[in-house]
Amino acid sequence: MADETVFGVADLVEVIRRRAADMVNVKLAKFGGLRPARTLLELAEAQQMGTMVGSMLETEIGTGAAASLVAAYGTSMVSDLDAVWWLERDAVTGGMRYEGATVVLPETAGLGVTSVVPLDE
């Protein structure tokens with residue numbers, strides 16, 4: 001799996017050219033957001049590579065965006081969206097939540113975040 005070796009399209013193209021991996025882990029924070037991440041998923045799929053979406057150390061906002069990408073686009077493997085588990089407390093009100101190991105997206109538009117919790121609380 002190409003994970004820490006891929007930071008954008010050029011890196012994935014090189015992995016494909018070298019046939020260095022049969023799968024890629026796409027991370028929104030590393031790739032610059034939803035659009036670049038989707039481009040990488042599409043490129044990998046076009047080359048018959050497996051895909052998954054992972055997270056870095058992100059709040060519910062970043063993890064919710066990644067989960068939304070998986071819900072909208074899909075991946076070939078279970079995704080790794082556990083960054084929020086490592087937070088000491090919730091950073092936002094609303095948005096994605098976990099039910100066990102399952103990410104549950106809100107039924108509202110967008111990411112469903114209703115407020116950001118101040119850092120000093």
- Please find, within segment 62-88, the residue that is nearest to THR39 (Cα to Cα) out of those that are hydroxyl-bearing (Ser, Thr, Tyr) and either modelled with pLDDT under 90 or over 11 Å from the mean Cα position of the chain (by Cα) (or both). TYR73
- Among VAL6, VAL84, VAL26, which is crowded, with 20+ Cβ neighbours inside 10 Å, at negative phi, in contact with an Asp or Glu (Cβ under 9 Å, 6 or more places away or on another chain) and not in a loop (DSSP other than H, G, I, E, B)? VAL84
- Message: Among the residues that make up segment 95-110, is at least one of them of a type in the set (A, V, I, L, M), part of a helix (DSSP H, G or I) and crowded, with 19+ Cβ neighbours inside 10 Å?
- Response: no
- Filter pass, VAL70 being outside any helix (DSSP H, G or I), of a type in the set (Val, Ile, Thr) and within 27 Å of GLY112 (Cβ to Cβ): no
- Name the pairs whose Cβ atoms lie under 6 Å apart, with the first residue in segment 39-61 and modelled with pLDDT of 95 or more, the second among the hydroxyl-bearing types (Ser, Thr, Tyr) and part of a helix (DSSP H, G or I), and 6 or more positions between them or separate chains? LEU41/TYR73
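The values are calculated or read from the model by the stated rules, or taken from the named source; none is laboratory data. This is a predicted model, so every value here is computed, not measured. Note that we place each Cβ from the backbone using ideal geometry, even for glycine, and neighbour counts take in every protein chain shown.
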